[in-house]
Amino acid sequence: MGIDNAHIFNHNIKFTTANELTAELSKRTGLPVFNDIYDANGKCVKEVPDDYLGLTIPTDNSQTLQDYIDKKTLLEFHNKTKEHWTEVFCINHFVMDDLPDIYLGRWNDTADMCRLIRKYGLHSLEEYKQQNLHLQVGIMNGPYILEYRKRAPAEMKKFGATQMLTFLF
């Protein structure tokens, strides 16, 4: 059994070309977008410059971002920062998944949040702490995950999202 959540949400980014997609993502995230291309042997054909900071989309088999878009392939974006690389999100024409700022822990943490709400109702982190519910086994991570979940709407709004599904797997 897996241990992570998957968050799938809609978006209102309209694109048919790589230029439209990269321009829209740059506008919404404030980051440049670069397509690093690998050949069939995994050798980099078009490599991200060492001093580049921003979003990257790797494509395989010497295909470009436009080739992936034409095939309606799920596009996996990464963020290159000064410190490290991180996976940011995936997108296709209809949905996106997983933004780091809406990370909700592992499946058991989300389950804690659900049990907390079902048993004690929807309250603030401070109210849960007043009742020492953050110390109760089986729901102890729930108050914190609920607090993190508050970040989701602001992050999703950047992409025009109106709905989100969370899958535990």
I need the peptides 77-86, 106-115 ranked by packing, meaning the mean over residues of other C-beta atoms within 10 angstrom, with the highest value on top.
106-115, 77-86
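Under the rule a/c < 1.5 gives rounded, and otherwise a/b versus b/c splits prolate from oblate, where does the chain land using the Cα gyration tensor?
prolate
In Å², and per residue, what accessible area does region 68-169 have when probed at 1.4 Å with the other protein chains present? Please report the intermediate quantities before stating the final value.
Numbers: 6270 Å² over 102 residues.
Per residue, region 68-169 has an accessible area of 62 Å².
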To test your reading of the geometry: what angle, between 0 and 90 degrees and rounded to tens, separates the Cα axis of helix 107-120 from the longest principal axis of the chain?
40
Using a 1.4 Å probe on the protein heavy atoms, what percent of the accessible area of the chain belongs to carbon and sulfur?
54
Helix-only CD estimate at 222 nm, as mean residue ellipticity for the chain, using -39500 (n - 2.57) per DSSP H run (n ≥ 4)
-8500 deg cm²/dmol
So what's the angle, to the nearest 10 degrees on a 0 to 90 scale, between helix 18-29 and the longest Cα principal axis of the chain?
40
Net charge (Lys, Arg +1; Asp, Glu -1) of residues whose beta-carbon lies under 13 Å from that of Arg28, Arg28 excluded, is +1
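The values are calculated or read from the model by the stated rules, or taken from the named source; none is laboratory data. Quantities reported herein were computed from a predicted structural model and do not represent experimental measurements. Here the Cβ is made from the backbone with ideal geometry for all residues, glycine too, and neighbour counts use every protein chain on show. Remember, those area values only see protein heavy atoms, side chains included, never the ligands or the DNA or RNA. Shrake-Rupley method; radii C 1.70, N 1.55, O 1.52, S 1.80 Å.
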